[in-house]
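Below: one structure, written as structure tokens.
The values are calculated or read from the model by the stated rules, or taken from the named source; none is laboratory data. From a predicted model like this one, the values you see are computed outputs, not experimental measurements. Cβ placement follows ideal geometry from the backbone for every residue including glycine, while neighbour counts extend to all protein chains displayed. Calculation scope for accessible area: heavy atoms of the full protein, side chains included, ligands and nucleic acids excluded. Shrake-Rupley method; radii C 1.70, N 1.55, O 1.52, S 1.80 Å.
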Amino acid sequence: MSLIPKRLQHGLERTLAPVIDWLIASRVHPDALTSIGTLILVGSAVAFGFGYARIGGLLLLLSGVFDMLDGRVARGSGRPSKFGAFYDSTLDRVGELALFGGIALFFLTGGVSEPWVVWAVGISIVAMGASLIVSYARARAEGLGLDCKVGVAQRAERILGLGVPTLFFGAGPGGFLLLTIVTLLALVAVITVVQRILHVHKVTRVRAPKQSGRAARKTPAFAKLGAELRIGDRRD
């Protein structure tokens, strides 16, 4: 499930297609795109931290473009790798930590009025933690052989939801717009965590009876092997 309309997704992919072809022809390594995208995202965090919310939003959206490019260039050039996937996922988490850390710093240093500081910093931490858990839940599920792309707040939604409004309107009067966005991001990220937990629970419950049946059919052989091993132990 995605909050981004399919038409918008396809339009963006068509727009990026010539850039992807050029990058593949130029033999640009996907890991280099991942590194550049992360540096841009860290730059966005710094901009937010110093109160330049419009620049932060612009850099955040630009980092999202690089996030789309690296995987497509890797597949198009025939160079996808386990390390590349690991590197991309790890640096995405580093970038998100930096981003919400920068926003929290902005709130802490006068970005919002005094009565809102504790709430603003706290909700930034919640948004940061929930975003990391959203990614971890998918990675852990896929490590178990399960598909887990469900949820209303995947990475693309978080980037657009924060980047577009701040690009056009900055942090808003008294930082209230940015605070509202971060609060909504925290909420939908928590909802996504719950959705992914419920999804994995449902999938594993459906698969469990079949696995139990197979295990039951294999039990006699294992029991026989165990008995033989125990006999061998007694001989020793």
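Quick note on the range 74-133: its Rg to Rh ratio, both from C-alpha atoms and Rh being the Kirkwood radius, is 1.24. The eigenvalues of the Cα gyration tensor, multiplied by 5 and square-rooted, give the range 131-204 an equivalent ellipsoid with semi-axes of 30, 11, 8 Å from largest to smallest.
For the ranges 143-151, 155-163, what's the packing order if you count other beta-carbon atoms within 10 Å of each residue, average per peptide, and put the highest first?
Working: 143-151: 13.6, 155-163: 19.8.
Output ranking for 143-151, 155-163: 155-163, 143-151.
With Cα atoms defining each centre, the range 156-170 and the range 112-132 are spaced 17 Å apart in the structure.
Solvent-accessible area per residue for the range 114-161 at a 1.4 Å probe radius, Å²? Kindly include the intermediate steps, with their values, before the conclusion.
Working: 2420 Å² over 48 residues.
Here the per-residue accessible area is 50 Å².
Hey, any idea what % of the range 109-154's accessible area is carbon plus sulfur with a 1.4 Å probe? Ligands and nucleic acids excluded, carbon and sulfur give 67 percent. At the listed q of 0.10, 0.20, 0.23 Å⁻¹, the Debye profile of the range 48-151, built from one uniform point per Cα, gives log10 I(q)/I(0) equal to -0.38, -1.11, -1.26.
Scalar couplings 3J(HN,Hα) for the range 12-25, obtained by applying the Karplus form with A = 6.51, B = -1.76, C = 1.60 to θ = phi - 60°, are 5, 5, 5, 5, 7, 4, x, 5, 4, 4, 5, 5, 5, 5 Hz; x denotes Gly and Pro.
Take the solvent-accessible surface of the protein heavy atoms, probe 1.4 Å, and return the percent of it on the range 13-88 that carbon and sulfur atoms account for. Answer for the range 13-88 is 68 percent, counting heavy atoms of protein chains only.
Take the range 11-84 with all the other protein chains still there, run a 1.4 Å probe, and you get 54 Å² of accessible area per residue. Computed from backbone phi, the HN-Hα couplings of the range 188-197 come to 5, 5, 5, 4, 5, 4, 4, 4, 6, 5 Hz, rounded to whole numbers (Karplus: 6.51 cos²θ - 1.76 cosθ + 1.60, θ = phi - 60°; Gly and Pro given as x). Per the Debye formula on identical point scatterers at the alpha carbon atoms of the range 30-107, with no solvent, log10 I(q)/I(0) at q = 0.18, 0.22, 0.25, 0.28 Å⁻¹ is -0.65, -0.86, -1.02, -1.19. Averaged over residues, the count of other Cβ atoms within 10 Å places the peptides 59-67, 190-198, 22-30 in the sequence 59-67, 190-198, 22-30, highest first.
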